[in-house]
1. From the set of residues in the stretch 113-130 that are outside any loop (DSSP other than H, G, I, E, B) and free of Cβ contacts under 8 Å to residues at least 60 places away in the same chain, which is nearest to Gln54 (Cα to Cα)?
2. Taking only the stretch 170-187 into account, find how many residues are at pLDDT 90 or above, of a type outside the set (D, E, K, R) and open to solvent by 90 Å² or more (accessible area, probe 1.4 Å).
3. Being at pLDDT 85 or above, open to solvent by 40 Å² or more (accessible area, probe 1.4 Å) and either among the small types (Gly, Ala, Ser) or closer than 24 Å to Thr121 by Cα (or both) is the filter here, so list the residues in the stretch 188-209 that pass it.
4. Search the stretch 116-164 for residues being touching a helix residue (DSSP H, G or I) at 6+ places or on another chain (Cβ under 6 Å) and of a type in the set (A, V, I, L, M, F, W, C), and hand back the single one that is modelled with the highest pLDDT.
5. Which residue, of Leu187, Leu177, is in contact with a helix residue (DSSP H, G or I) (Cβ under 9 Å, 6 or more places away or on another chain) and within 21 Å of Ala52 (Cβ to Cβ)?
Amino acid sequence: SCCLTPGYFYLTYPLSLTEETPVVFDLTYGVEDTYCTPERKYDDENILHVFAPQIGHLLGNCMGEVNFLDIYKYIEKYIIRRHFIAFLIGYSNGAHAAWSLAEKYPDLIAGIYVVSGSVNTDYIKNIRNVFIRNVSSIEDELFSDCYKKPGELLSSHEQYHSMLVENANHTDLFYMLYQRDYLSELLQSKKVEEPKEFEFFTQSNQFLT
């Protein structure tokens, strides 16, 4: 199954769009957008905050990917009116979507802030040039897939940062997504436009053009 939404925007006021204005996508999916409410916003800085709740990244499903790219291109053409580098945040399915998109489009993503989302480790080397804040708990049912395995594979990645929450199950961890310090940290991360080296692995012909 997948959720296709047009996305909706929360603009800090007054918003001054410049070449430095960060664009943050919240990919967290919930029934009737339960998780994506106006209260869940970050307005400490001048940002364009995009709620794009979605699933559709599992088992080779490309619908979530298409949804994200449609929204990205809309912002690029009609709002920002320039090429931009995005930040992704998400919890659970939204975190998995953030991992997946960063692995497939590391050139478009500057950083991700993920809470309890599983990772496709086949592509994890693709995100060497992406800032990562990964949050989980030992009590989380997804601890191994969303925290232990990627942590082991990214142990030498300078931009990988992890955080373990005490006594929190998967549902409890939702409240860790909008931590001010972590959002500020994410937005301060800088994309290296011309890295000295990179790796990119894909099983899809569309990335070879």
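1. Among residues in the stretch 113-130 that are outside any loop (DSSP other than H, G, I, E, B) and free of Cβ contacts under 8 Å to residues at least 60 places away in the same chain, the one nearest to Gln54 (Cα to Cα) is Val114.
2. Here the count works out to 1.
3. Within the stretch 188-209, no residue meets the criteria.
4. Per the stated criteria, the residue is Val135.
5. Testing whether each residue is in contact with a helix residue (DSSP H, G or I) (Cβ under 9 Å, 6 or more places away or on another chain) and within 21 Å of Ala52 (Cβ to Cβ) leaves just Leu177.
The values are calculated or read from the model by the stated rules, or taken from the named source; none is laboratory data. Because the structure is a prediction, the values reported are computed rather than measured. Using ideal geometry, Cβ is built from the backbone for each residue, glycine included, and neighbour counts are taken over all protein chains shown. Ligands, DNA and RNA are excluded from the accessible area calculation, which covers all protein heavy atoms including side chains. Shrake-Rupley method; radii C 1.70, N 1.55, O 1.52, S 1.80 Å.
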